[in-house]
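Just so it is clear, none of the values below were taken in a lab; they were calculated from the coordinates. As the structure is a computational prediction, the values presented were derived from the model and not from experiment. A quick note on method: Cβ atoms are made from the backbone with ideal geometry, for glycine too, and the neighbour counts reach across all protein chains shown.
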Amino acid sequence: MRLIDQKDENFLRTGKFGRYGGIFVPETLVISLNKLADEFQLTLHDPKFQAELAIALRDFVGRETPLYFARGLTDHYKNSNGQGPDIYLKREDLNHTGAHKINNAIAQVMLAKRIGRKNVVAATGPASTVLPRRRLVLSFP
């Protein structure tokens, strides 16, 4: 999958591809983004990478996170005949760094390592996304 086809005249003329618009990145990043997209496609189908990711998600992140039976909520929504939902909560807050964002960040850092990058730039987005990534960079030398 190519994020940007450099030979596409429409892209060069409009900065967009297909009917869905385009991306806004400096020209100097186009080659690197295309390399990243190519490596991502290879990684999706690499059993060794997927196994390594599964181990990291299990051992470092703490996945699968447990389901918690919310007895108080369940009782609250049951009627007098005992009919109503059984409510379970998925406890993503129990993950390392306290949120679901670590699931994405760990794969990003492993992909960066796979393509030989020594730095991971996390300059945009909320701090709650940057902090897990920063923690992972320190954990995956």
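Brief remarks follow.
- Computed FRET value (nearest 0.05) for residue 80 with residue 31, which takes r as the C-beta separation and R₀ as 41 Å: 0.05
- Gap separating the Cα centres of the range 70-106 and the range 29-55, nearest whole Å: 32
- Amide H partners (placed H, <5 Å) of residue 88, local residues excluded: 70
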